[in-house]
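Beneath this line is the structure, given in structure tokens, with notes to follow.
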Amino acid sequence: MRAPGGPDARIGDVLLSVENVSLSFGGVKAISDVSLDIRKGEIRAIIGPNGAGKTSMLNVINGFYTPQRGRITFRGQTRSKMRPHEAAEGGIARTFQNVALFRGMSALDNIMAGRTLKMHKNLFWQLLRWGPAMAEEVAHRREVEEIIDFLKIQDIRRVPVGRLPYGLQKRVELGRALAMEPDLLLLDEPMAGMNLEEKEDMSRYILDANEHFGTTIALIEHDMGVVMDLSDRVVVLDHGIKIADGTPAEVKNDQAVIDAYLGVAH
Amino acid sequence: MHVEKQRPAGSALMHFLYLIFIDPFVQMAQAPDLLAQTLWEGLVSGMLYALIALGFVLIFKASGVFNFAQGIMVVFAALTLVGLYEAGVPAFLALALAIVVMFILAFVVERSVLRPLVGQPDIILFMATFGITYFLIGFGEIVFGGDPKVMITAPLYLPKGAITYHTLGGMVQLQKIDIAAAVIASLMVAGLAIFFSRTRIGRALRAVADSHEAALSVGISLEQIWVIVWFAAGLVALVTGIFWGARSDVSFALEVIALKALPVLILGGFTSIPGAIVGGLIIGLGEKIVEFYWGPLVGGGTDAWFAYVIALLFLLFRPQGLFGERIIERI
Ligand SMILES: Nc1ncnc2c1ncn2[C@@H]1O[C@H](COP(=O)(O)OP(=O)(O)OP(=O)(O)O)[C@@H](O)[C@H]1O
Ligand SMILES: [Mg+2]
């Protein structure tokens, strides 16, 4: 656990808040009237049993799903829904529960794709691969190489990602999200299916990204140990309803949370 | 007695097998000039099949839509070019305007068809391309009339006549327009390949082809990519229309050539650009060779069905095609 007791200097104002968001699919209520906020610089965990609505919440935040009700305020601007493009341009990056990589491309090209919105040189220069476009490409390549070093994936940078083992795919996906230099990073179960050692590595990358780049992180994770170690605040969903919100210690001892998990985990 | 009775039956079978398995190759060896001529013709029509298939592949890769309208886009592009010329527009201006029209078409399709239907099942989008097809037929007939037109070649400085080589113990004749078609089709394919491998937009297209949601999450605009691929498919359609139109004439009957793209796609894989090219060449070459050497055995007309038989065999034994990825459902 980090920074036990006392406010943390890393953490600032509210960066994003959702208010009274409801989302349903036909008869299924995925999210019912949930409000939560994410503060600048924190690691905010979203936990809950299977089908609780965690992934749906991330999808609302980055504009994949349109909630039927509620509001989303990001950087002080309030909307009834995000659009994926607005989210990406506003500095929201994400990874997916079931790794979503560009399978045919190399690890390097995948991470390069994270720079899409940062490249500006026009088509003419790109086709010539000369002049300003080349300089731009080189500059971005340098940034991407730094991320590759950071994630220790130098030796696989040329490998088509479809051929990589699952743990490395998750790492490349994190790399692609980091390449966007996001202000808010949404991680959907980044450690699912990993062994202990891989989990420790991933935890370190997440903490480093948070501490060194100041990236705000929203993290969905089932492993309670990891959640307790990494997060500053935890929100708990169950059947689409928010049942608890607080520090890891508070949440751990909350009766509603214990009940929700008793039905599922033990 | 027995032996005597069987002999005629046996030799008829032998003769039949000879006609199928030996005689065509003897003919090939004896008249290499005819073989070369047949191969050349197969190559040229194969190239045009490849171009049509390429239009399909571009759109399928980027949006998962099987574009039924690709055939009619060939006709529409060619009609626009000829129609404008007949209305008194200079040839090269007409060509430029036809390109602009294909861009407008791509834009309108994205706005009015793809965007409202995003997230719908593939079959809905497929049906929507039927809608585009019938719209283009109706619209084309209103604007340009229903009569067949003659493709303009001389005003576009496309060569006429033939080159005759006396070689291989005979002669081989290459139509100049076919040579031009081969050269321009190759340049076009090379151009597209460079565009899609070297530019940021090309990288974005490949990203979209692999995962819509991941592409969206890094800020790639699906709308922009769709306009670009439909425009690219429109350009390919225009080139195909010019050269195919020059071999017959420009009419809505041309649309059926799109049906030839289906076997090409099954052979090459729906998502593979090299597959479209190789598949097109194989079908084109195979069709001409089979018709010339084996066609007479069954009274000709094999080119009407040969491609589909090949496609059927592929469907049975290698449904993803020569180069395609496994066929997977896409969101
Ligand atoms: N696109 C969709 N269409 C229909 N129902 C959906 C869709 N997405 C989510 N749901 C439903 O919404 C509910 C919440 O799903 P969600 O994926 O958000 O849960 P989760 O908390 O992420 O679960 P898990 O821990 O299993 O990933 C589930 O009942 C799910 O079936
Ligand atoms: Mg989930």
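Buried (at least 23 other Cβ atoms within 10 Å of the Cβ), part of a helix (DSSP H, G or I), touching a residue at least 12 places away in the same chain (Cβ under 8 Å) and within 14 Å of chain A (Cβ to nearest Cβ): is that true of B:Gly275 in this structure? For B:Gly275, the condition - buried (at least 23 other Cβ atoms within 10 Å of the Cβ), part of a helix (DSSP H, G or I), touching a residue at least 12 places away in the same chain (Cβ under 8 Å) and within 14 Å of chain A (Cβ to nearest Cβ) - is met.
Of all residues in region A:68-85, none are within 15 Å of ligand 2 (Cβ to nearest atom), open to solvent by less than 30 Å² (accessible area, probe 1.4 Å) and modelled with pLDDT of 90 or more.
Looking for whichever is part of a helix (DSSP H, G or I), farther than 30 Å from B:Glu41 by Cβ and either open to solvent by less than 30 Å² (accessible area, probe 1.4 Å) or more than 9 Å from chain A (Cβ to nearest Cβ) (or both) here; the options are B:Ala185, B:Ala181, B:Ala204, B:Ala193. Which one fits?
B:Ala204
Take the conditions farther than 23 Å from A:Asp254 by Cβ, within 16 Å of ligand 1 (Cβ to nearest atom), open to solvent by 10 Å² or more (accessible area, probe 1.4 Å) and within 14 Å of chain B (Cβ to nearest Cβ) and apply them to A:Val99. Does it pass? Give the steps one after another, and end with the answer.
Working: farther than 23 Å from A:Asp254 by Cβ: yes; within 16 Å of ligand 1 (Cβ to nearest atom): yes; open to solvent by 10 Å² or more (accessible area, probe 1.4 Å): yes; within 14 Å of chain B (Cβ to nearest Cβ): yes.
Considered against the rule, which asks whether it is farther than 23 Å from A:Asp254 by Cβ, within 16 Å of ligand 1 (Cβ to nearest atom), open to solvent by 10 Å² or more (accessible area, probe 1.4 Å) and within 14 Å of chain B (Cβ to nearest Cβ), A:Val99 comes out as yes.
Note on region B:207-225: among residues that are under 19 Å from A:Gly91 (Cβ atoms) and aliphatic (A, V, I, L, M), the one that is farthest from the other protein chains (Cβ to nearest Cβ) is B:Ala215. Does at least one position in region B:73-93 carry a residue that is without any contact (Cβ under 8 Å) to a residue 24 or more places away in the chain, surrounded by 16 or more Cβ atoms within 10 Å (Cβ to Cβ) and either under 21 Å from the mean Cα position of the chain (by Cα) or farther than 28 Å from B:Arg206 by Cα (or both)? Yes: one or more hits.
Working only within region B:303-325, note down all residues that are assigned to a helix (DSSP H, G or I) and touching a helix residue (DSSP H, G or I) at 6+ places or on another chain (Cβ under 7 Å). Working first, answer last.
Taking region B:303-325 first, the residues assigned to a helix (DSSP H, G or I) are B:303-304, B:306-317.
Those that are assigned to a helix (DSSP H, G or I) and touching a helix residue (DSSP H, G or I) at 6+ places or on another chain (Cβ under 7 Å): B:Asp303, B:Phe306, B:Ala307, B:Tyr308, B:Ile310, B:Ala311, B:Phe314, B:Leu315.
Results for (1) away from every other protein chain (no Cβ under 14 Å); (2) away from ligand 1 (no atom under 16 Å from the Cβ), shown as yes or no for each residue.
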{"residue": "A:Pro49", "(1), (2)": "yes, no"}
{"residue": "A:Thr66", "(1), (2)": "no, no"}
{"residue": "A:Ala87", "(1), (2)": "no, yes"}
{"residue": "A:Gly90", "(1), (2)": "no, yes"}
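Would region A:161-173 turn up any residue that is closer than 30 Å to A:Thr73 by Cα, more than 16 Å from ligand 2 (Cβ to nearest atom) and aliphatic (A, V, I, L, M)? Within region A:161-173 (the criterion being closer than 30 Å to A:Thr73 by Cα, more than 16 Å from ligand 2 (Cβ to nearest atom) and aliphatic (A, V, I, L, M)), the answer is yes, since at least one residue qualifies. Would you confirm whether any residue within region A:52-66 is more than 24 Å from A:Glu189 (Cβ to Cβ) and away from ligand 2 (no atom under 16 Å from the Cβ)? The answer is no; no qualifying residue exists. The set of residues in region A:7-62 that are open to solvent by less than 10 Å² (accessible area, probe 1.4 Å) and among the polar types (S, T, N, Q) contains only A:Asn62.
The test for being at positive phi and within 14 Å of ligand 2 (Cβ to nearest atom) holds for A:Gly48. Among the residues of region B:26-44, are any within 18 Å of B:Ile142 (Cα to Cα), open to solvent by 40 Å² or more (accessible area, probe 1.4 Å) and of a type in the set (Val, Ile, Thr)? Within region B:26-44 (the criterion being within 18 Å of B:Ile142 (Cα to Cα), open to solvent by 40 Å² or more (accessible area, probe 1.4 Å) and of a type in the set (Val, Ile, Thr)), the answer is no, since none of the residues qualifies.
The values are calculated or read from the model by the stated rules, or taken from the named source; none is laboratory data. Model, not experiment: these values are computed from the prediction. Using ideal geometry, Cβ is built from the backbone for each residue, glycine included, and neighbour counts are taken over all protein chains shown. Only protein heavy atoms, including side chains, enter the accessible area calculation; ligands, DNA and RNA are left aside. Shrake-Rupley method; radii C 1.70, N 1.55, O 1.52, S 1.80 Å.
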